[in-house]
1. Can you pull the mean other chain C-beta count within 10 Å for peptide A:54-60?
2. Among B:K101/B:K376; B:K101/B:K394; A:K58/B:K620, which pairs are too far apart, with a Cα-Cα distance over 28 Å?
3. Would you list B:H386, B:H194 from fewest to most Cβ contacts within 10 Å?
4. Expressed as a rounded percentage, what relative contact order does the range A:12-67 have, with Cα pairs under 8 Å and six or more residues apart?
5. Would you mind checking B:K432/B:K646; B:K432/B:K462; B:K97/B:K432; B:K63/B:K432 for any pair whose Cα atoms are more than 31 angstrom apart?
6. Per residue Cα convex hull volume for the range B:1-70, in cubic angstrom?
7. Summing Lys, Arg as +1 and Asp, Glu as -1, what charge do residues with Cβ under 14 Å from the Cβ of B:Q571 carry, B:Q571 excluded?
8. Give the average, rounded to an integer, of partner chain Cβ atoms located within 10 angstrom of each Cβ in A:67-74.
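Every number here is computed from the coordinates shown, using simple stated rules; none is lab data. Computed from a predicted model, the values in this text were never measured in an experiment. Don't worry about glycine lacking a Cβ; one is built from the backbone with ideal geometry, like all the others, and counts go over all protein chains shown.
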Amino acid sequence: MAASPRTDTTRVEDTGHEFLVFALGEEEYGIDILKVQEIRGYDADVVTRIANVPPFIKGVTNLRGIIVPIVDLRIKFNLGKVEYTEQTVVIILNLSNRVVGIVVDGVSDVLMLNAAQIRPAPEFGQTLSTEYLTGLGTIDDRMLILVDIEKMMTSDEMALVEKVAA
Amino acid sequence: MSGLDLSQFYETFFDEADELLAQMEQLLLELDAQAPDIEQLNAIFRAAHSIKGGAATFGTFQKLAETTHLLENLLDAIRRGDMALRADMVDIFLETKDVLKSQLDAYRASEEPDEAVYERICAVLRQLAEEDGAHGAAPAAASAAPAREETMHMPAASATGTSDKPTCVRIRDVSGKDAQSLLEEMGNLGTVLHSESKSGGLSVWMQTTCSVADIEAVCCFIVDADQLRITHEAAPASAASDVVSQFEAAASSFTPPDAPAPSAARPAGNVAAPRPQKAATPAAAPADKESTSIRVGVEKVDQIINLVGELVITQAMLTQTASTLDPVVHDRLLNGLEQLERNARDLQESVMSIRMMPMDYVFSRFPRVVRDLASKMGKQIELETHGRATELDKSLIERIIDPLTHLVRNSLDHGIETPDKRIAADKDPVGKLTMSAQHHGGNIVIQVTDDGAGLNRERILKKAMEQGIPISENMPDEEVWQLIFAPGFSTAEKITDVSGRGVGMDVVRRNIQDMGGHVQLSSRTGQGTTTRIVLPLTLAILDGMSVRVGVETFILPLNHVTESMQPTEDQIYTVAGDERVLHVRGEYLPLVEMHRAFAVGDAQQDPTQAIAVIMQAEDKRFALLVDHLVGQHQVVVKNLEANYRKVPGISAATIMGDGSVALIVDVFALARANREKWSSAAETVLN
């Protein structure tokens, strides 16, 4: 499970960014590959629950001596079906000196998208504010929801980071 | 030489200068102006000299070099007895030390020191030197001039009527290393004009005012007297630059090559008397110290501590796995594991001890604080410190300084009375302030005690009432004292620049609590106040008791656990329907249910089937209801804020033997807010 995503079949082009593509339910999301530290299998036994926190925060786990919070994006994005199976993985992100894990339904690809393949995102409802979207990517007939994961994870609504004034 | 980048040595110089300045301050404070100890004067001079030498070496720290130079001249005159030490001089020297410190800090921050301050302190020092020149010995007049030392040396030389011919010192059978030391010594005695070493012998021509006997006395520390021959004769025609190159060879590895000439070739103050202790030259002093200790970045030490922590966890994991094995078959493996455990523990302890620093680091700065404040407030105060060798974690040591300074200021300002008031109260006019540090179980207890007026109960109550803090007339003293920790509380009749703004005690308490400690106050009217700070020895390791609630494991800090018991039906009473108290030996303790505080499902609901752990937090006691006690461990504290955020009711986390994360309970938070539901805090986060 800890295979490096960079060795995946990558379409190398001159411009554009590489995105790690993961699935949440039926939807495909893409995040900047440079924010990804590693990918691990999800093991509920080693995640310690924290009391009185929002339900999408599964708890904290031990990543080689570092205490890392684990966020289940499926709960955060209100995807009806939340199951923990063999395919369920944790993407460990490294965001501005913080290490955070996100639970997703599976990792599929690392894709290169150039500017022409990225369309601006339309307005959505409450669940996923457009603020955190960099756009919608198109590859063949697949649509990728491109998320500014750093901005999202450090936002107030994720309650992962101590509010400065609080 | 110009190609050499000196800036790489700056940090070393700054660190050394810092140390020397601290040393200088301490010596100045110990100095008795009426009867100065010559050894102390020498030590102060040496410190100033070393700083000047270093500063001049780099060439970029002119202001620092110039200020120390003036200070050094004065000190030199004093230690030679050309100038009488006065109490006000000590004050000026202390002030100079402060200026030097700020200059040093400025250079460290790659800034130019404040010009005005520099000009002022130099003027003050020159003034001092001139004052003395008016009625002092002739040579001292030269020290008023900020010019080169040579100018000071020359008149002195002619005054003592030494031959115009340079002194030639020839030494037979001398090793290269000794020759270097000898050259340095000569440099301290006078100006070395020329030197050459041939076939194991060393010849030095120098301009000096020292008598032949003095030179002999100095050299005899390195070589025997019969190896030595001292005459007066002209130096061979040689370029003066030769001297410089000779000294390059003698330079220590730290000092950049073309530097020692100005500092080492200087005719230091040894003109008057031979100084046996000069065997340790000023330049050599810091080097000696370094051989017994090394400077290591804190982050490196922290990294080692983390790695050792990991090692201990891995070892615990192995032990746990191996415990299922048959001890007969796997005899050797199990023995090996046992040894690993011992070694890992020892390693952990020794690594932790690296971070430990003596309290002396903190206490040593207070004589100055007390001295300055006492003179400012016209009080007479004697400071006593105990337990200077008591060791404390470095991170705590650094954070304890501010709160302690605050407490000391408070004691001096509000506690200890003025001499006339003290005489009126039939007390010794000299007030006494005692600071002590001692180990007490897993804690360190730091106390600040004064023999002043004590806290004024009436005034605190009156002030509290004015500020709308709920009080009652018959509150016990302890609770009244706690009031002064309220934010914005001050009973001072007038606000001084020392204290009284009331921003203090609450900050002190918060700082201490942030460090995982707490503050206690005791006071008796007319007899004084004692503030007790109780701190954990280290933040990195904690003695914990693991408890189980439902399927979850929590760690309770062992130093807050007093006892545990299984409550019986008749010990439990309800209050206001919902809250419960536990009656233990005449005491009613609030019952905090862990599973309610931390919303744990499938925990033991029936208190009589659970275990009540009696916890002590500050002066509050409460009973914590858990399902089982699991065991006692030493755990490595990992903070949650590094990657997550502060969690209500939890102080930190740790990694258990099986690799899972367990949360460490914040006992103070539970004690403070046992009625408040954490969930309400979580709801605000959710919405």
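1. Rounded to a whole number, the mean comes out at 4.
2. On the way: B:K101/B:K376 22 Å; B:K101/B:K394 22 Å; A:K58/B:K620 33 Å.
Table pairs above 28 Å Cα-Cα are A:K58/B:K620.
3. Values: B:H386 14, B:H194 20.
Placing the least packed residue first, the sequence is B:H386, B:H194.
4. 19
5. Beyond 31 Å between Cα atoms: B:K432/B:K646; B:K63/B:K432.
6. Numbers: hull volume 5.9 nm³, N = 70.
Once divided by residue count, the hull of the range B:1-70 is 84 Å³.
7. Working: positive: B:R580, B:R585; negative: B:E563, B:E569, B:D570, B:E587, B:D606.
Its environment carries a net charge of -3.
8. On the way: counts 13, 4, 5, 1, 0, 0, 0, 0.
Mean shielding count: 3.
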